[in-house]
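The values are calculated or read from the model by the stated rules, or taken from the named source; none is laboratory data. What you see is a predicted model; the values in this text were computed from it and never measured. Note that each Cβ is placed from the backbone with ideal geometry, even for glycine, and that neighbours are counted across all protein chains shown. Note: areas computed on protein heavy atoms with side chains; ligands, DNA, RNA excluded. Shrake-Rupley method; radii C 1.70, N 1.55, O 1.52, S 1.80 Å.
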Amino acid sequence: THKSKPLRRFVSLRSHEVNLRTGPGVRYPVDWVYKRKYLPVEIIREFKTWRKIRDVQGTQGWVHQSMLSSRRMFVIIGQPKIIRKDGSQKSSAIAKLETFVIGKIEKCPQKTGWCKVSAGGHKGWLRRVDFWGVYAKETIN
């Protein structure tokens, strides 16, 4: 059975070069070219095989669905952030991630403000508010 996906959802860029177009089709001009594979983006609209996305900086445009992956990634926002051993502020620091570093979301347990992540060879826990790429109440197993 095909479970329909929610319209608004986070995905990531599948390639090192992804064209962001002004409309849903190749006849629309390319507005921007992303050069960051795995950058998380939010799908906000769909039209046939095209997806309107929004990135961490609020830029919006259309990309072909083949350029998107369901792989859940995050990007650090604001100041550099600390990955911790456990989902607690008192837990020991494992690594510091600089602003705009991209990493993988391993899981975001239900009813917790933390997600288990991996980035730059480090694994640990980050607060949801420290990065972009997950909804406030979303569970990722």
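At least 2 residues being over 17 Å from SER118 (Cβ atoms) and over 15 Å from the mean Cα position of the chain (by Cα) is the threshold, and among the strands (runs of 3 or more DSSP E) wholly inside the range 51-95 those reaching it are 60-64. Report, by residue number, each residue of the range 89-115 that is farther than 17 Å from GLN79 by Cα and either open to solvent by 50 Å² or more (accessible area, probe 1.4 Å) or in contact with a His (Cβ under 9 Å, 6 or more places away or on another chain) (or both). Within the range 89-115, LYS90, SER92, LYS104, GLU106, LYS107, GLN110, LYS111 qualify. Which pairs do you get when a residue that is under 26 Å from TYR135 (Cβ atoms) and open to solvent by less than 70 Å² (accessible area, probe 1.4 Å), found in the range 27-42, comes within reach of a residue that is of a type in the set (Lys, Arg) and not in a strand (DSSP E or B), reach meaning Cβ atoms under 8 angstrom, with the pair 6+ apart or on two chains? Filtered contacts from the range 27-42: LYS37/ARG14; PRO40/ARG72; GLU42/ARG8. Listed by first and then second residue, the pairs linking a residue in the range 123-138 that is closer than 17 Å to LYS85 by Cβ to a residue that is open to solvent by 20 Å² or more (accessible area, probe 1.4 Å) and β-branched (Val, Ile, Thr), with Cβ atoms under 7 Å apart and 6 or more places separating them unless they lie on different chains, are GLY124/ILE94.
Among the residues examined, LYS37 does not qualify as out of contact with any helix residue (DSSP H, G or I) (no Cβ under 7 Å at 6 or more places or on another chain), more than 15 Å from SER12 (Cβ to Cβ) and not in a strand (DSSP E or B). Of all the residues in the range 37-60, those that are in contact with a Gly (Cβ under 9 Å, 6 or more places away or on another chain) and on the phi > 0 side of the Ramachandran plot number 2.
The number of residues in the range 73-120 that are in contact with a helix residue (DSSP H, G or I) (Cβ under 8 Å, 6 or more places away or on another chain) and either at positive phi or not β-branched (Val, Ile, Thr) (or both) comes to 6.
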